[in-house]
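Working notes for the structure below.
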Amino acid sequence: MIFYSTKTSSLKASLEEAIFNSLPPDSGLYMPEHIPTVSAEFLATIEDRTFNEIAVEITYTLFGDEISRSKIEEIINGAYDFESPVFPVNQDNYVLELFHGPSMAFKDFGARFMAAIMSYFLLRSQKQINILVATSGDTGGAVAQGFYKIPGITVTILYPSGKVSDIQEKQLTTLGHNVTAIEVDGTFDDCQRLVKEAFLDPELNQRFHLASANSINIARLIPQSFYFFSAYAQLKKIGKPIVFSVPSGNFGNLSAGLLAYKMGLPVEHFVASTNLNNAVPRYLKTGSYEPAASVETISNAMDVGSPSNFVRLQRFFEDDWTLATQKLSGFFFTDEQTKNAMREIYDQSNYIMCPHTAVAYQGLQEYRKMSPSDFTGVFLATAHPAKFIDLVEETLEKPVEVPERLKSLLSIEKEAIQMNADFSEFRSLLMSSLK
Ligand SMILES: *Cc1c(COP(=O)(O)O)cnc(C)c1O
């Protein structure tokens with residue numbers, strides 16, 4: 001598979017280059033030059049396949065020219081020992097639960113695949129790399145778990161002190177081995193700036209083979225298409241068209257849904273659901289794109305004022321706004337509306353949603369109001385509600401059970417290096433700790 005840069009279409013990259021560069025040198029985004037489609041036979045029998053079998057087929061369709069089928073099976077089976085089940089919540093509405101991986105957020109699907117495929121390329125070339133990543137919450141946990149104990153790779157995670165939840169902090173700081181957590185006395189933006197400066201430092205780069213695990217890496221985006229196919233496989237027998245509502249921040253998740261659609265997945269419509277960080281819903285309404293500074297909300301993993309995958313979103317629709325609005329609707333919601341939706345579903349169906357999931361549920365309901373057609377609605381549950389336990393308990397006025405996987409973390413001592421938001425300090429730390 002060949003990739004091109006969205007800024008300079010003549011700037012091409014191989015799969016391996018796209019994965020290890022993360023961003024093209026002109027700081028566009030990598031997009032596949034050609035999107036192959038899955039076979040009719042695959043779609044006709046998809047309901048008989050497991051999640052991993054579906055993932056193998058999609059990966060083989062995309063990368064079969066470069067990686068053998070048996071290697072792809074190894075990569076997929078090494079990445080996934082968890083699934084994406086679908087459950088009915090109320091009339092025609094189904095939840096696609098994406099929080100059964102190690103960090104209990106959907107980012108595990110991207111991080112685990114990325115770790116497995118990087119490891120495949122590194123073993124082939126006998127290289128070592130050092131990954132740097134800044135996190136505001138869920139990304140760090142997924143990346144830490146994804147790369148934990150992977151040979152040839154170390155991970156350094158920067159997070160803002162006091163600005164991630166207890167559980168999220170423990171997910172970053174209790175693994176050890178090849179994972180190092182740095183607690184920065186500053187904001188998420190400071191963490192991101194430090195990582196950026198490190199990538200721009202030629203000596204650091206050359207000596208340590210720095211790599212990024214950020215969400216625009218194509219190796220995190222592509223595997224997120226697997227669960228759209230898997231949801232279709234689980235719901236196909238109902239026989240109605242399918243509409244997906246995706247709770248969105250940087251729009252990687254929705255871009256992956258569009259990739260699945262371009263590969264031939266029958267999807268009637270997509271709904272982009274956001275909180276008050278609503279640049280994309282506004283764009284879909286007016287045709288003009290006005291990114292803004294981010295505002296804080298209770299669905300904080302989606303507090304993104306200027307979504308990094310917006311360019312990809314446009315590219316999937318051939319940069320044509322009219323085309324985009326035919327396939328994609330956007331809605332946004334306030335915190336009050338989101339809390340009300342959490343209560344409503346809990347009262348109705350006893351189902352507990354995290355605030356991000358509740359945003360997706362509302363988007364689906366809004367779309368239902370304006371759509372004349374009869375469809376199966378699927379909203380994506382991107383995190384386990386216990387990851388946001390304080391908010392969920394306060395909203396529902398009831399205690400929420402914490403899964404063993406998260407509970408056991410709370411008793412482990414955290415291990416993090418404390419640091420000021422200062423590049424020279426960060427630099428000397430890397431110089432003395434990386435190999
Ligand atoms: C990252 C995240 C999102 C947003 O996903 P994007 O791909 O950035 O749109 C939504 N919900 C949760 C829980 C997240 O962690």
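The values are calculated or read from the model by the stated rules, or taken from the named source; none is laboratory data. Fair warning: this is a prediction, and the values are worked out from it, not measured in the lab. Here the Cβ is made from the backbone with ideal geometry for all residues, glycine too, and neighbour counts use every protein chain on show.
Considering only residues that are in contact with a Gly (Cβ under 9 Å, 6 or more places away or on another chain) and not small (Gly, Ala, Ser), which ones fall in segment 121-138? Break it down stepwise before answering.
Of segment 121-138, the ones in contact with a Gly (Cβ under 9 Å, 6 or more places away or on another chain) are 122-123, 126-129, 133-135.
If the condition is that a residue be in contact with a Gly (Cβ under 9 Å, 6 or more places away or on another chain) and not small (Gly, Ala, Ser), then Leu122, Leu123, Gln126, Lys127, Gln128, Ile129, Val133, Thr135 are the ones that fit.
Could you list, in sequence order, all residues of segment 357-384 that are hydroxyl-bearing (Ser, Thr, Tyr) and at pLDDT 95 or above?
Within segment 357-384, Thr357, Tyr361, Tyr367, Thr376, Thr382 qualify.
For segment 240-253, which residues satisfy the criterion of being without any contact (Cβ under 8 Å) to a residue 60 or more places away in the chain and either more than 8 Å from the ligand (Cβ to nearest atom) or surrounded by 24 or more Cβ atoms within 10 Å (Cβ to Cβ) (or both)?
Initially, segment 240-253 is screened for residues without any contact (Cβ under 8 Å) to a residue 60 or more places away in the chain, giving 248-250.
Result: Ser248, Gly249.
What number of residues in segment 375-387 are surrounded by 24 or more Cβ atoms within 10 Å (Cβ to Cβ) and touching a residue at least 40 places away in the same chain (Cβ under 8 Å)? Break it down stepwise before answering.
From segment 375-387, those surrounded by 24 or more Cβ atoms within 10 Å (Cβ to Cβ) are 377-385, 387; that's our starting set.
Among the residues that remain, those that are also touching a residue at least 40 places away in the same chain (Cβ under 8 Å) are: 377-384, 387.
Residues flagged as surrounded by 24 or more Cβ atoms within 10 Å (Cβ to Cβ) and touching a residue at least 40 places away in the same chain (Cβ under 8 Å) within segment 375-387 amount to 9.
Among Glu393, Glu401, Glu413, which is the only one that is over 22 Å from the mean Cα position of the chain (by Cα), assigned to a loop (DSSP other than H, G, I, E, B) and within 21 Å of Asp138 (Cβ to Cβ)?
Working: Glu393 fails: assigned to a loop (DSSP other than H, G, I, E, B); Glu413 fails: within 21 Å of Asp138 (Cβ to Cβ).
Only one candidate passes the filter, namely Glu401.
Can you spot a residue in segment 277-300 that is charged (D, E, K, R), surrounded by fewer than 19 Cβ atoms within 10 Å (Cβ to Cβ), away from the ligand (no atom under 16 Å from the Cβ) and under 23 Å from Thr37 (Cβ atoms)?
no
For Val400, only one of the following conditions fails: (1) crowded, with 20+ Cβ neighbours inside 10 Å; (2) within 16 Å of the ligand (Cβ to nearest atom). What is its number?
So the condition that Val400 fails would be (1).
Per-residue answers, yes or no, for (1) outside any loop (DSSP other than H, G, I, E, B); (2) modelled with pLDDT of 95 or more:
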position	(1), (2)
Glu74	yes, yes
Phe87	yes, yes
Phe99	no, yes
Gly110	yes, yes
Phe113	yes, yes
Val133	yes, no
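Counting just the residues of segment 254-264 that are more than 14 Å from Gln314 (Cα to Cα) and touching a Ser or Thr at 6+ places or on another chain (Cβ under 8 Å), which one comes out nearest to the ligand (Cβ to nearest atom)?
Here the answer is Ala260.
Look through segment 192-230, keep the residues that are of a type in the set (Gly, Ala, Ser) and within 16 Å of the ligand (Cβ to nearest atom), and return whichever of them is farthest from the chain's Cα centre (by Cα). Full working, then the answer.
Kept after step one, since they are of a type in the set (Gly, Ala, Ser), are these residues of segment 192-230: 198, 211-213, 215, 219, 225, 230.
Remaining after also requiring within 16 Å of the ligand (Cβ to nearest atom): 212-213, 215, 219, 225.
Numbers: Ser212: 15, Ala213: 11, Ser215: 6, Ala219: 11, Ser225: 10 Å.
Looking at the filtered set, the residue picked out is Ser212.
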